[in-house]
1. Which whole-number value in Å³ per residue fits the convex hull of the alpha carbons of segment 195-253?
2. Using protein chains only and a probe of 1.4 angstrom, how many square angstrom of Met1 are accessible, to the nearest 10?
3. Taking the Cα centre of the chain as origin, sum charge times position over the Cβ atoms of Lys and Arg (+1) and Asp and Glu (-1), and report the length of that vector in debye to the nearest 20.
4. Identify the residues of segment 52-71 with backbone N under 17 Å of a label point that sits 7 angstrom from the Cα of Glu43 along the Cα-to-Cβ direction, or state none.
5. Which percent of Cα pairs goes in each bin when the distances of the chain are cut into 5 angstrom slices starting at zero?
6. So how far, in whole Å, is the C-alpha centre of segment 179-238 from the one of segment 80-96?
7. Count the net charge of all other residues whose Cβ sits under 14 Å from the Cβ of Gly160, scoring Lys and Arg as +1 and Asp and Glu as -1.
8. So if I average 1/r over every pair of distinct C-alpha atoms in segment 13-130 and take the inverse, what Kirkwood radius in Å does that give?
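The values are calculated or read from the model by the stated rules, or taken from the named source; none is laboratory data. Everything quoted here is computed from the prediction, not taken from an experiment. Every residue, glycine as well, gets a Cβ built from its backbone with ideal geometry; the counts of neighbours run over all protein chains shown. What goes into the accessible areas is simple: the full protein's heavy atoms, side chains included, and nothing from ligands, DNA or RNA. Shrake-Rupley method; radii C 1.70, N 1.55, O 1.52, S 1.80 Å.
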Amino acid sequence: MRLQGKTAVITGASTGIGRASALRFAQEGARLVLADVQDAEGEALAQAIARSGGTACFVRADVSRRADNERMIDACVERYGRLDILFCNAGINLPKPLVDSSDDDIDGLLAVNVRGPLYAARHAIPIMLEQPEGGVLLFTASKTGLVAQTDSPVYCASKGAVVLLAKALALDYATRGIRVNALCPGIIDTPMLRRFADAMPDPAAAWTEYRVAQPMGRLGTPEECAAAALWLVSPEAGFVTGVALPVDGGFTAM
Ligand SMILES: NC(=O)c1ccc[n+]([C@@H]2O[C@H](COP(=O)([O-])OP(=O)(O)OC[C@H]3O[C@@H](n4cnc5c(N)ncnc54)[C@H](O)[C@@H]3O)[C@@H](O)[C@H]2O)c1
């Protein structure tokens, strides 16, 4: 019960890494606000957590919208009385060369992947500063925030921004009780990756290619990301701030 008594907002909680993290945080005692644009999956997850003895509610929130970020955080404070953990995990991909990316593609991706965490953190920090125990911010970046990959320049730029956002906020609040870190998943078997592979001319071949490109010869799982996220937000990581932690099976070691 490493998060006993803690409250957390998780964005992008309906599927993939966010969903696995919600289940794990709930098992460890956290009371949760699950935020996402996929209502049915989010509601079902909140109910599943409640059935297994946890506490969670779903709030529909599009993280590209300032008001939605503020609403999900306020919901946590109103419902549970405090905000201990903000896990900005929602993200979208744009597997396109820059020259083929429209204004809407670029604005849409940056709105979710960069503006979302900025809006959420800006609203959460003053609340955490008011609490004697402070708080923890965690952003899902990516290995592509640390090393580049081909044909996804806007996505890489967005994840690089998230890594530096975590480091910059970590320094700004290091003496004021707020820790800030970034989680950098490698290639993880989630609905996002499945959609990405399905868009390839030969999805089965693309899937094999992802796997063999990994030092461990396999993809990561959402649960492995959730375990790392749990550690980063837990009191066990009390002296860890400003870190961009790869959970990538050794990919960025190459
Ligand atoms: N899967 C990978 O290989 C991988 C690798 C590195 C980083 N990531 C990052 O991990 C995070 C989670 O991705 P995932 O792989 O679990 O994908 P996913 O598609 O399974 O989950 C993303 C979730 O975010 C939600 N979402 C999308 N746009 C949103 C918005 N505007 N507002 C609120 N919620 C929104 C989706 O509905 C979904 O539930 C993302 O930030 C992604 O960039 C994934």
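1. Normalising the Cα hull of segment 195-253 by residue number yields 107 Å³.
2. Answer for Met1: close to 130 Å² accessible.
3. 640
4. So the set is 56-62.
5. Here the calculated profile for the chain is 1, 7, 14, 19, 21, 17, 12, 7, 3, 1, 0.
6. After rounding, the separation between the Cα centres reads 16 Å.
7. So the surrounding residues net to +3.
8. 14.9
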